[in-house]
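Worksheet: the structure to be examined is printed underneath.
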Amino acid sequence: MAEADPPTHSIRIGTGIAEVDAGAWNALAGDSNPFLSHEFLALLETSGSVAPGSGWQAAPLLATDAADRLVAAAPAYLKAHSQGEYVFDHAWADAWERAGGDYYPKLQIAVPFTPVPGPRLLAKAEEEASLLIRAAEAVVRQNGLSSAHATFVAPEQMPLFERAGWLVRRDVQFHFANPGYASFDDFLATLNSARRKQLRKERARAVAGLRVEELSGDALRPEHWDAMWLFYQDTGARKWGQPYLTRAAFDLLGERMADRIILLIAYDDDRPVAGALHFLGADTLYGRYWGCLADIPFLHFELCYYRAIDIAIARGLRRVEAGAQGGHKLARGYGPVATWSAHYIADPGFRRAVADFLDGERAAEEAEIEWLEGHMPFKRSD
């Protein structure tokens, strides 16, 4: 009897992305999305922001070929809770645990604390990407986990999950699209008169008596990170109860990713009073963290939305992604965009219940997006 051919690929669960060769990881991730880079994902681990005690235990899925070369990878984590994901499954967890099951730990394929769409299956070919899906399912089955979740998946990868039978969930974010504006005034000219006047008033009032510095690369210094840490702590304590990133994460951002960061700091005389941290992608500006130590009307809109539009226009970027949720962005020129996640539920009965829930949710999401699109502040062509 002829011997079977040896497998062409092997898949394992890594102990951390920091331990994966940076060049091999980045060759798969590409350079368009900074949050998928080895630099960003590894610094989350090195800084202690992602660690077993945080409820995020790094467990990347790694596929290698016969020559032990990395050919596919997925940023994956064993989760002990549902915090820091921005795709909310707390009701699912409660239902499963009321039925006597253990929802946690679960397998999460995601970028921690970062609701930014992008590829979750890092591979050059669909066949190798599909291997990662099967590997995630095997991890769930072999370890008795309740589920696996891939969140904020790039739309072009969703068919891979759908063909594998994963449940599909849709949500909505608000992004600014730049068709090639020459200036902020060029953008304003597309808005209806009332909204155009309102935006001008908000911008003027936001910075009255303040100066705003735009910092990147070598201009970023330790005192800037000290200020941003205070801003982040204030916002994190109010929104989440406990900030996700450690102080060390901000230092590492400055050391490893300064050229991909734009930090806006507002000063009252020489005192920093507010800041917004943005990341640069190949064609996108990503707004991530914001904080303010004084109650200054409209300053949040200025640093997080209007200045982001300025930067995108000046750099010829196609869009601004300003984070999760926030219907108030609609009035400021940020339009509704669907975001996607995929979910593998191991138990057949539980899967049916979640599928029924998603069917109802999907109808509501479709109606919401249609309503939002009809209430954009742009001039009507008719």
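Whether any residue in region 35-47 is touching a strand residue (DSSP E or B) at 6+ places or on another chain (Cβ under 6 Å) and surrounded by 15 or more Cβ atoms within 10 Å (Cβ to Cβ) is what I want to check. Within region 35-47 (the criterion being touching a strand residue (DSSP E or B) at 6+ places or on another chain (Cβ under 6 Å) and surrounded by 15 or more Cβ atoms within 10 Å (Cβ to Cβ)), the answer is yes, since at least one residue qualifies. Of ALA258, ALA282, which residue is open to solvent by 40 Å² or more (accessible area, probe 1.4 Å), closer than 20 Å to PRO34 by Cα and modelled with pLDDT of 95 or more? Unique residue meeting the criteria: ALA282. In region 53-62, the qualifying residues are those that are out of contact with any Leu (no Cβ under 6 Å at 6 or more places or on another chain) and among the small types (Gly, Ala, Ser), and the one that is modelled with the highest pLDDT is ALA58. The single residue among GLN142, GLN83, GLN108 that is under 17 Å from the mean Cα position of the chain (by Cα) and surrounded by fewer than 19 Cβ atoms within 10 Å (Cβ to Cβ) turns out to be GLN83. Against the conditions (1) open to solvent by 30 Å² or more (accessible area, probe 1.4 Å); (2) closer than 16 Å to ILE345 by Cβ; (3) among the hydrophobic types (A, V, I, L, M, F, W, C), ALA177 satisfies every one except (2). Screening region 62-174 for helices (runs of 4 or more DSSP H) wholly inside it with 3 or more residues that are polar (S, T, N, Q) returns the ranges 126-143. Does region 344-367 contain any residue that is in contact (Cβ under 8 Å) with a residue 40 or more places away in the chain, open to solvent by less than 10 Å² (accessible area, probe 1.4 Å), small (Gly, Ala, Ser) and not in a helix (DSSP H, G or I)? No; the residues of region 344-367 include none that is in contact (Cβ under 8 Å) with a residue 40 or more places away in the chain, open to solvent by less than 10 Å² (accessible area, probe 1.4 Å), small (Gly, Ala, Ser) and not in a helix (DSSP H, G or I). The single residue among ALA206, ALA177, ALA154, ALA227 that is over 26 Å from PHE298 (Cβ atoms) and either touching a residue at least 24 places away in the same chain (Cβ under 8 Å) or touching a strand residue (DSSP E or B) at 6+ places or on another chain (Cβ under 9 Å) (or both) turns out to be ALA154. Against the condition open to solvent by less than 60 Å² (accessible area, probe 1.4 Å) and farther than 25 Å from SER37 by Cβ, how does ALA276 come out, does it pass? Against the criterion (open to solvent by less than 60 Å² (accessible area, probe 1.4 Å) and farther than 25 Å from SER37 by Cβ), ALA276 does not qualify. For region 89-129, the candidate set comprises residues that are of a type in the set (D, E, K, R) and in contact (Cβ under 8 Å) with a residue 12 or more places away in the chain; within that set, the residue that is farthest from PRO159 (Cα to Cα) is ASP102. Can you pull out every residue in region 32-52 that is modelled with pLDDT of 95 or more and part of a loop (DSSP other than H, G, I, E, B)? Across region 32-52, the qualifying residues are SER32, ASN33, SER37, SER47, GLY48, SER49, VAL50.
Cβ separations smaller than 8 Å between residues 6+ apart or across chains give the following pairs from region 244-262 residues that are within 17 Å of GLU213 (Cβ to Cβ) and in contact (Cβ under 8 Å) with a residue 40 or more places away in the chain to residues that are open to solvent by 20 Å² or more (accessible area, probe 1.4 Å) and part of a helix (DSSP H, G or I): ALA258/ASP218; ILE261/GLY254.
The values are calculated or read from the model by the stated rules, or taken from the named source; none is laboratory data. Just so it is clear, the model here is predicted, and its values are computed rather than measured. No Cβ is skipped: glycine too gets one built from the backbone with ideal geometry, and neighbour counts run over all protein chains shown. Accessible surface is based on the protein model in full, side chains and every heavy atom, while ligands, DNA and RNA are left aside. Shrake-Rupley method; radii C 1.70, N 1.55, O 1.52, S 1.80 Å.
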